[in-house]
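The values are calculated or read from the model by the stated rules, or taken from the named source; none is laboratory data. Treat the numbers as computed from the prediction; the structure is a model and nothing was measured. Don't worry about glycine lacking a Cβ; one is built from the backbone with ideal geometry, like all the others, and counts go over all protein chains shown.
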Amino acid sequence: NAGVIQTPRHKVTGKGQEATLWCEPISGHSAVFWYRQTIVQGLEFLTYFRNQAPIDDSGMPKERFSAQMPNQSHSTLKIQSTQPQDSAVYLCASSLDKGKVFFGKGTRLTVV
Amino acid sequence: GQQVQQSPASLVLQEGENAELQCNFSTSLNSMQWFYQRPEGSLVSLFYNPSGTKQSGRLTSTTVIKERRSSLHISSSQITDSGTYLCAMENTNAYKVIFGKGTHLHVLP
C-alpha cells in the first residue's frame with residue numbers, strides 16, 4: 001500500500017498559467033478530499049468526492065478552481081489563471097466510507 | 001464561525017514535561033482524528049478516536065462526544081515531538097472532515 005499519492009510534489013507556475021494537481025487515493029477508498037494549507041489560513045477544506053461523485057465543494061473558490069474524479073483511481077484539482085495568492089500546499093486525502101483519513105504528501109504550488 | 005477550536009495555539013516545553021492539547025467542536029460530530037504534521041509538511045495520523053480514550057506510547061487521546069471535546073496528552077515530551085498537532089472532526093451532517101488551526105509545539109533541550 002503506497003498510500004495516497006500526489007503529483008507533482010512541487011510546482012512553480014507563472015501568474016496567469018494553469019496548474020493541474022493529481023491525486024491517486026488508496027485503492028478501495030470511496031471518499032477523496034482536497035485541502036489547501038497556508039500559514040495564515042491553516043488547513044482549509046476545498047472539496048470532496050464520494051464514490052467519484054462530487055458531494056461538497058463549499059470550500060472551493062468560485063472562480064478558476066475545479067476538481068474532477070473521472071475514475072476511482074485518481075482525482076485532479078485544476079487552477080486556471082493562477083495568482084500569487086493561490087500559492088499553498090494542496091493536500092489530498094482519502095478514506096473508506098467513514099473513518100480514518102489518510103493524507104498524501106501534498107503538492108507545494110508556487111505562483112511567481 | 002470556526003467549527004474546530006484548538007488550544008493552545010502554541011506551546012513551549014522543556015524536554016521531559018507533559019503537554020495537554022485541547023480540541024473543541026461547535027457542532028455535533030461523527031468522529032475525530034488527531035494528526036501530527038512534520039516540519040516538511042506531511043501529515044501523520046496519530047489517533048482515530050470517535051469516543052473514549054486511546055493510548056499509544058507516550059500519547060493519549062480522550063474524546064467526549066457529548067461535551068464536543070477531545071484532548072491529546074503527551075507525556076515526558078522529547079525534542080522530536082516538536083511540530084504541529086492538528087485535530088479534525090467529521091461532522092454529522094456533511095461527513096466532511098474539518099480541521100482546527102493546530103497547536104505548534106516546541107520542545108526545548
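Would it be correct to say that B:V44 is aliphatic (A, V, I, L, M) and more than 14 Å from chain A (Cβ to nearest Cβ)?
Against the criterion (aliphatic (A, V, I, L, M) and more than 14 Å from chain A (Cβ to nearest Cβ)), B:V44 does not qualify.
Quick check on this structure: which one of B:T27, B:T62 is without any contact (Cβ under 8 Å) to a residue 40 or more places away in the chain and β-branched (V, I, T)?
Only one candidate qualifies: B:T62.
Hey, could you check segment A:1-18 for residues that are more than 14 Å from chain B (Cβ to nearest Cβ) and β-branched (V, I, T) and say which is surrounded by the most Cβ atoms within 10 Å (Cβ to Cβ)?
Per the stated criteria, the residue is A:T13.
Out of all the residues in segment A:53-69, which are at pLDDT below 95 and not β-branched (V, I, T)?
A:A53, A:P54, A:D56, A:D57, A:S58, A:G59, A:M60, A:P61, A:K62, A:E63
Give segment B:58-109 a look and list any residue that's small (G, A, S), away from chain A (no Cβ under 14 Å) and assigned to a loop (DSSP other than H, G, I, E, B), or say none.
B:S75, B:S76, B:S77, B:S82
What is the number of the single condition among (1) under 17 Å from A:K100 (Cα atoms); (2) modelled with pLDDT of 95 or more; (3) not acidic (D, E) that A:Q6 does not meet?
Unmet for A:Q6, out of (1) under 17 Å from A:K100 (Cα atoms); (2) modelled with pLDDT of 95 or more; (3) not acidic (D, E): (1).
For the structure I just gave you, tell me whether B:T84 is farther than 22 Å from A:E44 by Cβ, surrounded by 15 or more Cβ atoms within 10 Å (Cβ to Cβ) and not charged (D, E, K, R).
So B:T84 fails the test.
Could you figure out which of (1) surrounded by 13 or more Cβ atoms within 10 Å (Cβ to Cβ); (2) polar (S, T, N, Q); (3) more than 12 Å from every other protein chain (Cβ to nearest Cβ); (4) part of a strand (DSSP E or B) isn't true of B:T27?
(4)
Which of the residues belonging to segment A:6-45 are farther than 16 Å from A:L109 by Cα and touching a residue at least 24 places away in the same chain (Cβ under 8 Å)?
A:E24, A:P25, A:I26, A:S27, A:G28, A:H29, A:S30, A:A31, A:V32, A:F33, listed by residue number.
(1) under 13 Å from B:A19 (Cα atoms); (2) surrounded by fewer than 16 Cβ atoms within 10 Å (Cβ to Cβ): which one isn't true of B:L59, the others all being true?
It is condition (2) that B:L59 fails.
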